[in-house]
Amino acid sequence: MIQLQFPDGNVREYPVGTTAFEVAASISQGLARNVLSASIDDVTVEVSTPLTTSGKIRLFTWDDEEGKRAFWHSSAHILAQAITHFYPNAKLTIGPAIESGFYYDVDFGDATLSEKDFPKIEKQMLEFAREKATFQMRSVSKTEALDFYADNVYKTELISNLEDGTITFCDHSNFTDLCRGGHLPNTSFVKAVKILNVAGAYWRGDEKNKQLTRVYGISFPKASMLTEYLELLEEAKKRDHRKLGKEMELFTFSQNVGQGLPMWLPKGAALRERLENFLKKAQKKAGYQQVITPHIGNKSLYVCSGHYEKYGKDSFQAINTPEEGEEYLLKPMNCPHHCELYKAKPRSYKDLPLRLAEFGTVYRYEQSGELHGLTRVRGFTQDDAHLFCMPDQLKDEFKKVIDLVLYIFKTLDFQNFTAQVSLRDPENKTKYIGSDENWDKAERAIIEAAAEKGLQTKVEYGEAAFYGPKLDFMVRDALNRSWQLGTIQVDYNLPERFELEYKGSDNQMHRPVMIHRAPFGSMERFVAVLIEHCGGNFPLWLTPEQVIILPVSEKFHDYANKLSQYLENYDIRALIDERSEKVGKKIRDAEVNKYPFMLVVGEKEVESQTVSVRRHGKGDLGTHTWEAFADLVNTEVNASLAPFEG
RNA sequence: GCCGGUGUAGCUCAGUUGGCCAGAGCAGCUGAUUUGUAAUCAGCUGGUCGGGGGUUCGAAUCCCUCCACCGGCUCCA
């Protein structure tokens, strides 16, 4: 007998050789029907594997990440089976489950796969699924495995990196794949499948390698779940900032200006200005000083900082002057300029921390395929600041910056962010400048500050900037893509390169430490993600127009104008719909255009000197006096704009 | 940069066995209407069918090329 302990602590005895499926069946019929995957002592096992040792067992269903993973991983096998069915010469490589669905990377040789081929693959997958073939793991020797994949260089490469004795194949139906396991009991669980798209993907993620065809798909245990998922995708597309930004006239692009160079239209510019002022106010309270530096800088500045060596090739090319040999660069970063500001006069320890902030517009030549709406552009404005401090002030300053970032995120209702500690790639230190000692100090400072602030963090190696580690605040867009917004970075290296110093209380010269930080990250990207978060329904304090006045007929335009002026005196942004349309039409258009408040004014309102208030998405709020309405608006604005308590 | 896809009016989209002056709805303009909580009516304007080149008697439609955009990969100071 073996003893299996369940997550609730209960221990039950089973005969040796019992499968996870049989364990599930011993608990309930429902669980037996729904169990997709299992683990013993946190090691994934097949539901059909006879268990021979005691341990902690977990049974996973669709509601568990592990259950979905088994589901999608198994679906990838069926996808591979279907691809092999239609393209016998295609070479399979890897096919993992991902966050939403699965993919398979395939070398199709001379053949190409396009959208037109999706339906037949989907159909074939479902046919294979209906066969109810069981997934059967088996161990194979290295020689046997290499022999099986003699004409597949990719699998051969994978196998040669595995240790003999640990290699397993998975069979289902007539199909065999190299696989380490974690499958559904059989293929029939897969009831709905959709091939989502194809994309190029480099073998092993290295652009020097051959580009394979990556086929993305998703599958579900119920057809209705697929329909729901596709509807969700459609809904998400409606929140896309590129669509809403255009509709709401916030920003635009022009081919004549250039790729990746966003231009802010009046409404967008005003919105951005409100965001900037909001941050400036908080920063002022936190002891920052605003500075302004030029958009270009002498090439030598970036040679000094290391940016030129690191990114010179991928930047806009040098700007030349009539003078022989004089070269400038569009600034890709504000830090070198700010270092020069630091050096504008001798600094004493009494000046520190020195906090220099600038909404600095920078230009980077991003690869064309990488550009994406406002989230990835070639010209953008960072809400940048550089904090120069003494080493013993570092952690405290860092924690204060965390407070500021959290304040910004809270005010804008970004609750679902990930705090990511981005460290050096321990495998490849050549990508970075500076000494191991400095890096260790900087990395430790970030980890400790985040821990002391009680931040839940995720550590990612290889994500650091070339001059220092970062604490990045990642937020997802409407389509669940993750973007870096806020960032805080510790840097011992640029102060060295720029030979920054201050005179200490000991009358000796010392080197300051720098913190680079940008709570929004870039104004462009932040606004993009903000648009998607609120679906274009901005918080009242930010929205381009807060109020639209809807006169019932032309007779009431005078009243509307007086009302508009009154609201303007209260800093409320209002406009009047003076078209000769019916109120129903004006309301409909105002709702479609996402104006937060609609004020209907006609005979009744003129008589009683009131307004009829209607809230976007909520409907009629009844009659208010002018004053009561102004209060209503300002109360809401103030409630969402609590001051920074830094 | 790479792989795959898309490109017709400001927006959403019709229009391919290649064939009359390229269509619709919305938006815009003009006029009528003076309107009470999600679409009043009529008329009009608007497009070198992404740019360029080619095939053809004839191209939005077929071919080549460039550009932009979309989904990924790589990259992301």
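The values are calculated or read from the model by the stated rules, or taken from the named source; none is laboratory data. Nothing here was measured: the structure is a model prediction, and the numbers come from that model. Glycine also receives a Cβ, built like all others from the backbone with ideal geometry; neighbour counts cover every protein chain displayed. What goes into the accessible areas is simple: the full protein's heavy atoms, side chains included, and nothing from ligands, DNA or RNA. Shrake-Rupley method; radii C 1.70, N 1.55, O 1.52, S 1.80 Å.
Couple of notes before you dig in:
- Which of A:Met598, A:Met474 is most accessible, then next, and so on - probe 1.4 Å: A:Met474, A:Met598
- Under-5 Å amide H pairs with A:Trp483, H placed in peptide plane, nonlocal only: A:Val475, A:Arg476, A:Asp477
- Here's the picture: a label point sits 7 Å out from the Cα of A:Arg12 along the beta-carbon direction, and within the stretch A:57-92 the residues with their amide nitrogen under 13 Å of it are A:57-59.
- Legend: calculated FRET efficiency, A:Asp403 to A:Gln565, from the Cβ-Cβ distance at R0 = 41 Å, rounded to 0.05, equals 0.50.
- Pair-distance distribution P(r) for the stretch A:150-205, from all Cα-Cα distances in 10 Å bins starting at 0: 15, 37, 39, 9 percent.
- Distance between the stretch A:289-336 and the stretch A:586-646 - C-alpha centres, whole angstrom: 49 Å
- Sequence of A:Ser48, A:Ser188 from largest to smallest accessible area, 1.4 Å probe: A:Ser48, A:Ser188
- Alpha-carbon Rg/Rh ratio, for the stretch A:485-595, with Rh computed the Kirkwood way: 1.36
- Lacking any other cysteine beta-carbon closer than 4.7 Å, the following Cys residues of chain A have no compatible partner: A:Cys304, A:Cys335, A:Cys339, A:Cys389, A:Cys534.
- Calculated FRET efficiency for the pair A:Lys191/A:Glu144, C-beta based, R₀ 30 Å, to 0.05: 0.30
- Unsatisfied cross-links (Cα-Cα over 27 Å) in the set A:Lys350/A:Lys441; A:Lys350/A:Lys431; A:Lys68/A:Lys120: A:Lys350/A:Lys431
- Cross-link pairs exceeding 19 Å in C-alpha to C-alpha distance, out of A:Lys555/A:Lys585; A:Lys281/A:Lys410; A:Lys410/A:Lys453; A:Lys116/A:Lys155; A:Lys313/A:Lys343; A:Lys310/A:Lys343, comprise A:Lys116/A:Lys155; A:Lys313/A:Lys343; A:Lys310/A:Lys343.
- In angstrom, the C-alpha Rg and Dmax of the stretch A:222-314 are 20.9, 62.
- Tail fraction, Cα-Cα pairs, chain A, threshold 51 Å, whole percent: 27 percent
- Each pair of Cα atoms in the stretch A:319-443 enters the Kirkwood radius, and Stokes-Einstein at 4 °C and 1.567 mPa s then converts it into a translational diffusion coefficient of 71 µm²/s.
- Principal axis dimensions, largest first and in whole angstrom, of the stretch A:296-383 by Cα: 48, 37, 21
- Rounded to 5, percent antiparallel among DSSP beta bridges of chain A: 85 percent
- Length gained on full extension, A:Lys410 to A:Ile27, computed as 0.36 nm times the residue gap minus the Cα-Cα distance: 133.4 nm.
- Cα centroid of the stretch A:18-93 to Cα centroid of the stretch A:367-388, whole Å: 43 Å
- If you take the Cα centroid of the stretch A:136-203 and the Cα centroid of the stretch A:509-526, the two points sit 46 Å apart.
- For the stretch A:550-614, the alpha-carbon radius of gyration amounts to 1.03 times the rule-of-thumb value 2.2 N^0.38 Å expected for a compact globular protein.
- Rg ratio (alpha-carbon, reference 2.2 N^0.38 Å) - the stretch A:424-539: 1.29
- Accessible surface of A:Arg444 - all protein chains present, 1.4 Å probe, nearest 10 Å²: 130 Å²
- Assigned charges on the beta-carbon of Lys, Arg, Asp, Glu; chain A dipole about Cα centre (debye): 720 debye
- Shown here is the pair-distance distribution of the stretch A:132-274: with all Cα-Cα distances grouped in 5 Å bins from zero up to the longest one, the shares run 2, 7, 10, 10, 12, 13, 11, 8, 7, 6, 6, 5, 2, 0 percent.
- For chain A, with +1 on Lys and Arg beta carbons and -1 on Asp and Glu, the positive-most of A:Ala449, A:His172, A:Gly205 along the dipole: A:Ala449
- Mean Cβ count within 10 Å, highest first, over the residues of peptides A:296-303, A:625-632: A:296-303, A:625-632
- Shape summary: the stretch A:37-110 maps onto an equivalent ellipsoid whose semi-axes, from the alpha-carbon gyration tensor, are 30, 13, 9 Å in decreasing order.
- Dividing the helix sum by the residues of chain A, where each DSSP H run of 4 or more adds -39500 (n - 2.57), gives a mean residue ellipticity at 222 nm of -10500 deg cm²/dmol.
- FRET efficiency for the pair A:Ser254 and A:Tyr311, taken as 1/(1 + (r/R0)^6) with r the Cβ-Cβ distance and R0 = 41 Å, rounds to 0.95.
- Ligands, DNA and RNA excluded, the heavy atoms of A:Lys91 present near 70 Å² of accessible surface to a 1.4 Å solvent probe.
- Set of aspartates and glutamates near A:Lys238 by C-alpha distance (under 13 Å), chain-local residues within fewer than 8 positions excluded: A:Glu247, A:Asp477, A:Glu532
- Count Lys and Arg as plus one, Asp and Glu as minus one, and take only other residues whose Cβ is under 14 Å from that of A:His183; the net charge is then +1.
- Contour excess over end-to-end distance, with Cα ends at A:Ser640 and A:Gln290 and 0.36 nm allotted per residue: 123.5 nm
- Computed log₁₀ I(q)/I(0) - Debye formula, equal Cα scatterers, no solvent, the stretch A:202-360, q 0.17, 0.18 Å⁻¹: -1.19, -1.21
- Using heavy atoms of the protein chains and a probe of 1.4 Å, the accessible area assigned to A:Thr143 is about 100 Å².
- Ordering A:Glu554, A:Glu127 by accessible surface, largest first, gives A:Glu554, A:Glu127; the 1.4 Å probe counts only protein heavy atoms, with every chain in place.
- Packing order of peptides A:156-169, A:313-326, highest average first: A:156-169, A:313-326 (average count of other Cβ atoms within 10 Å over each peptide's residues).
- Globularity index of the stretch A:71-118 is 1.12 (Cα radius of gyration / 2.2 N^0.38 Å, N = number of residues).
- Calculated P(r) of the stretch A:40-167 - Cα pairs past 18 Å, %: 65 percent
- Computed from label points 7 Å out along Cα-Cβ, the spacing between A:Glu460 and A:Lys604 is 5.5 nm.
- Charge tally for A:Tyr308 (other residues, Cβ to Cβ under 14 Å; Lys, Arg +1; Asp, Glu -1): +3.
- Only helices reaching 27 angstrom along their own axis (Cα) with mean Kyte-Doolittle hydropathy no lower than -1.0 count here, and for the DSSP H runs of chain A these are A:65-86.
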